[in-house]
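Comments concern the structure below.
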Amino acid sequence: MYDICNQMKKLFILTALLFAVSSLKAAQHSDLDSLKQKLQLIAYDSLKAPVYTEIANEYLKYDTITNRGMRLRYQNEAINYSMMALHLYSRYDDTLGLRTSFEALSKVYTSQRKFAQAKWFILQSNSISRLRNDTTNIISSLVKLANIKMLIKDYKLAMRDLNEALGMSIKIRTPQMEALVQKNYGFLYNRMKDYEKGTIAMKRADDILDSIKKDEEAKLTALQVAPDTSGSKKVKPVTKKKLLASSTKKAVRKAPVKKLVASL
């Protein structure tokens, strides 16, 4: 009896997972169809680039696809639409759009283990961020660049990129980015088989994230217990009995002497 129940439970879980996957695929196809129809209605090239990017973003969800052939198709479509967006962004000097396309292309080429292309595109993203003095995105692209170098076992240059990223994250005081860099130090040290330093780096990342969480909780608590500084005083409710007593007193109050004399 127990075995039958256990098998039924496993079957139910498997069915639920298959349903979730099929629902996700249906939603993705629906979104893609909608975006492609939207693209057909756009007459001006300047307005097509963001839609190309949206379509590319749908294809960039290839990590959710288990079928190898379908996953490869999604990757190639992501490259195709990112390239079309990139050409239009380049024509209209849209640097943010260019950076988005560069990062998308780098991601796909990394997945396809085409590391020369992946590295080139992430370097373009990094260059745009430097021109814009966008330190957060400089750090982000340096971390991605370091990951590509880890995959080709260029550990020395990966370490250099992470060192620069760490220095920037400390300088602009962004604990989230510092935690990201420390986590990737952990990945690098583990790849170098220096597991002790890898563990230390991972612990630093966890400590920073815990500190961020505690700070957020403290701020939330402070807001919840903060006193009312609006200046308005709460009016105490007056009971019916008190109102009756007050009106009775007013009714029997004596008139002033001056008014009585005047009436005479």
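The values are calculated or read from the model by the stated rules, or taken from the named source; none is laboratory data. As the structure is a computational prediction, the values presented were derived from the model and not from experiment. Neighbour counts are summed over all protein chains in view; Cβ atoms, including those assigned to glycine, are modelled from backbone coordinates with ideal geometry.
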Give the range 180-211 a look and list any residue that's β-branched (Val, Ile, Thr) and surrounded by fewer than 17 Cβ atoms within 10 Å (Cβ to Cβ), or say none.
199, 200
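This table checks each residue for (1) part of a helix (DSSP H, G or I); (2) more than 21 Å from residue 91 (Cα to Cα); (3) in contact with a Lys or Arg (Cβ under 8 Å, 6 or more places away or on another chain); (4) not assigned by TED's automatic domain parsing to the domain that holds residue 117.
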| site | (1), (2), (3), (4) |
| --- | --- |
| 33 | yes, yes, no, no |
| 49 | yes, no, no, no |
| 56 | yes, no, no, no |
| 59 | yes, yes, no, no |
| 62 | yes, yes, yes, no |
Considering only the range 152-177, state which residues are touching a helix residue (DSSP H, G or I) at 6+ places or on another chain (Cβ under 6 Å) and aliphatic (A, V, I, L, M).
152, 157, 158, 162, 165, 166, 168, 172, 177
Assess whether residue 116 counts as being free of Cβ contacts under 8 Å to residues at least 40 places away in the same chain and aliphatic (A, V, I, L, M).
yes
Residues of the range 70-79 being within 17 Å of residue 117 (Cβ to Cβ) and surrounded by 15 or more Cβ atoms within 10 Å (Cβ to Cβ), which ones?
75, 77, 78, 79
Out of the residues in the range 150-179 that are among the polar types (S, T, N, Q) and within 21 Å of the chain's Cα centre (by Cα), state the one that is surrounded by the fewest Cβ atoms within 10 Å (Cβ to Cβ).
176
Hits in the range 100-125 - residues which are crowded, with 23+ Cβ neighbours inside 10 Å and among the basic types (Lys, Arg)
none
Of these, 104, 85, which one is farther than 26 Å from residue 149 by Cβ and assigned by TED's automatic domain parsing to the domain that holds residue 50?
85
If you scan the range 128-149, which residues turn out to be surrounded by fewer than 16 Cβ atoms within 10 Å (Cβ to Cβ), over 19 Å from the mean Cα position of the chain (by Cα) and either part of a helix (DSSP H, G or I) or in contact (Cβ under 8 Å) with a residue 24 or more places away in the chain (or both)?
130, 131, 132
